[in-house]
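Read the structure below first, then the notes.
The values are calculated or read from the model by the stated rules, or taken from the named source; none is laboratory data. This is a predicted model, so every value here is computed, not measured. All Cβ positions, even for glycine, are placed from backbone atoms using ideal geometry, and neighbour counts span all protein chains on display. SASA here: full protein model, heavy atoms, side chains in, ligands and nucleic acids out. Shrake-Rupley method; radii C 1.70, N 1.55, O 1.52, S 1.80 Å.
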Amino acid sequence: MPEDGLPLDWRRAALLLEKTLRERAGQAPERLDSATIASDYPSRDWIVAAWRISVVFSDGVTRQIDLVAGALFPTTPVRTALVDHPEPMTWPHVESDGILCLLPNMAEWDPDDPSEVAMDLLNRSVRLTEELLEGGTVERDFREEFVTYWGYRVHSQGENLFSLVAPQPPSRVVHVWRGKGLEVAGDDQDAIAKWVRNRFGDKTPVKTEAAAFLWLDAPLLPAEYPETATDLYRLAERLDGGAKMVLEEAAKGEPDEVLALLGAIGRGGAALIAVRAHNPKRRKGRPRAPDEPLSVGFRPGHTPQPLLLGRFFGAVPVVRTLVQRADADWVHGRGQDPRTRRLLGATVVVIGCGSVGAPVACALAQTGVGHLILVDPEALAWPNVGRHPLGAAAVGRNKAEALAERLQADFPHLKVEYRACSLHQLIARNKDQLAAADMIVAATGNWVAESALNRWHVRQGRGRPIVYGWTEAHACAGHAVAIGQGDGCLQCHIGRTGAPEITAVEWPDGGNIAQEEPACGAHYQPYGPVELAYVNAMIAEVALDCLLDPPAQSFSRVFVASPRRIASLGGQLTEGWRSAFGEVEEGVRTVNRRWPSARCVACGPKRLDEVA
Ligand SMILES: [Zn+2]
């Protein structure tokens, strides 16, 4: 390999590596020439240098190990390869050219000490080879990482094969929708239809076919990978739980192909792979077009099943493929988040889809809240765009409608609805829906509306929590108030005109920083999206807390920006805040506060009930 083109750093590191190998491995490494590198590693044109050393293993056999480096060495570590490797897929962690997969442990790679890392890799390569020779780990590792090894032997990466199927036993008939360049498999036809229409629009035709889901008692070893349709059929025969009948059911209608999803438990939990068995009479690329269907010789639908199945699951090669899981558990936390199941069953109404409500609604969709109802009477305007998840494409559209449409298409497994109306109209028309929700988030910035919601809540007995969220000027502070069944109602600590009892930050102009547009009554508070992100994250956090663990007592959480940020804008912490919570040297802060009952006009003995 010509080193001339390689930087000085590279050459220095290479010299050091050679010296370390000489001293520590007790032999002068053989430097491979470029012809040998090209012939031994034909698919890795990134390799610019390789050193070969000999190792005597515990079985008395001397085997050679290569250390290979790319042009980015030493920033990128060397890799190791077992030169005398068995046939591909005989041993796990050994790629077909002998390169060893030790990379997951490379997280602590220290680029300042590349030869030390190379020695460590070499030692681990020797240990791995000894383990593989000993044999105990071979099957275990093939099974635990079965999706990876299946991936080495697939005909298709399955980029457009999406699965909504719950990856758990038993084997069962499932369904598949075949769209343009996309397939969606799911447990039931309704769920697939909902998903497809949420994703691609109401008018999408959704016709599904039967498919097979086969639950494997253990992940397949490479020797068990089906090559032909007969292999697939034999595999199903061998499995418990009626897998054979499931496969037969999927082939019964003589479809163009049978899709079989195979599920098993690997190291990271359940995973899916898939096999396609084509109808032998309809295979594309056959030299001669089929002149008869599998049912030849019988009236339609009267072919004896064993004969038909024998013909379908014959010696035709299958197509092995990977599968993209798109089920809710996978989307929301890769199947590892214990909260997902509870959130998927929850209904949340978000009232107000502005610069606070809309991001909170997005966060709730991302965490996997199964049913969202978004409410807002207003259209998105240009000055909203800079701090709203919707952009120019939604200007002029109702905020709730446009956001619901977006979230519904982005999370087709959730249900996202909208009401393009005010809170007053919502209370008048959709009381039952409000009462049935697991939680309500109110971020309207409108005290009159929210005090009406609070009175409704009190009348309802405050059975489910409401989280009210708002921001102070410049988003230097933000408030979330969660009203539970005990302690205060919203109004207990908010004056009759909507002024909260406690504010965190004050401004030299007396707090009246609301600026007016040159239009009647159009007040707004200037703040940017970055400051606001803290406030919205805090409000979303309170909402999530309340959903997962409904609070018995009302409480409030307050976010306060860093003193540096507040000072740079000319504000300061209020006396009330400082006496209650003290000064902070630096950094942002959140504080939890009680929200005790004040037996106010909304919740106390003298409460003035509205005439409903
Ligand atoms: Zn009250």
Exercise for review: Compute the relative contact order of the chain as a whole-number percentage, counting only Cα pairs closer than 8 Å that sit 6 or more residues apart in sequence.
Suggested key: 8 percent
Review point. What's the longest piece of the chain with no exposed GluC sites (Glu not before Pro), counting a site as exposed if DSSP puts it in a loop and it has at most 16 other beta carbons within 10 Å?
Key: 4-158
**Study point:** Using a Förster distance of 60 Å, the FRET efficiency for VAL584-ARG127 (Cβ separation, nearest 0.05)
**Key:** 0.70
Review point. Going by alpha carbons, how many degrees (0 to 90, nearest 10) lie between the helix axis of 189-200 and the longest principal axis of the chain?
Key: 70 degrees
Review point. Segment 174-240: which trypsin sites (Lys or Arg not before Pro) are DSSP loop and have at most 16 other beta-carbon atoms within 10 angstrom?
Key: LYS180, LYS203, LYS207
**Study point:** Degrees separating the helix 357-367 axis from the principal Cα axis of the chain, which is the longest one
**Key:** 30 degrees
**Study point:** Quarter of Cα convex hull surface for segment 8-135, i.e. mean projection, nm²
**Key:** 7.6 nm²
Point to revise | Per residue value of the accessible surface for the chain (all protein chains in place, 1.4 Å probe), Å² | key: 48 Å²
**Study point:** Heavy atoms of THR148 accessible to a 1.4 Å probe, total area in Å² rounded to 10
**Key:** 70 Å²
Revision key, fill the gap. Beyond 20 Å (Cα-Cα) in this structure, taken from LYS207/LYS244; LYS203/LYS399; LYS203/LYS431; LYS194/LYS415, we find LYS207/LYS244; LYS203/LYS399; LYS203/LYS431
Practice item. Along Cα→Cβ, 7 Å out, is where each label goes; now give me the distance between the ones at ALA35 and ARG594 in nm to one decimal. Key: 8.7 nm
Revision key, fill the gap. Over the chain, the sum of -39500 (n - 2.57) across DSSP H runs of at least four, divided by residue number and rounded to 500 deg cm²/dmol, gives at 222 nm -9500 deg cm²/dmol
Exercise for review: Would you kindly calculate the mean projected area, averaged across all directions, of the convex hull enclosing the Cα atoms of the chain, in square nanometres?
Suggested key: 39.9 nm²
Review point. So how exposed is THR62, as accessible area in Å² (1.4 Å probe, rounded to 10)?
Key: 80 Å²
Point to revise | Accessible surface ranking that places the most exposed of MET119, MET245 first, with a 1.4 angstrom probe | key: MET245, MET119
Point to revise | Rough spin-label spacing in nm, given labels placed 7 Å along Cα→Cβ, for PHE200 and ALA218 | key: 4.1 nm
Review point. How much solvent-accessible surface does THR590 expose, in Å² to the nearest 10, with a 1.4 Å probe and all protein chains in place?
Key: 80 Å²
Exercise for review: Would you please give the FRET efficiency between LEU16 and HIS155, computed as 1/(1 + (r/R0)^6) with r the Cβ-Cβ distance and R0 = 51 Å, to the nearest 0.05?
Suggested key: 0.70
Check your understanding: How far, in degrees from 0 to 90, does helix 8-25 lean away from the longest principal axis of the Cα atoms of the chain, to the nearest 10?
Key -> 60 degrees
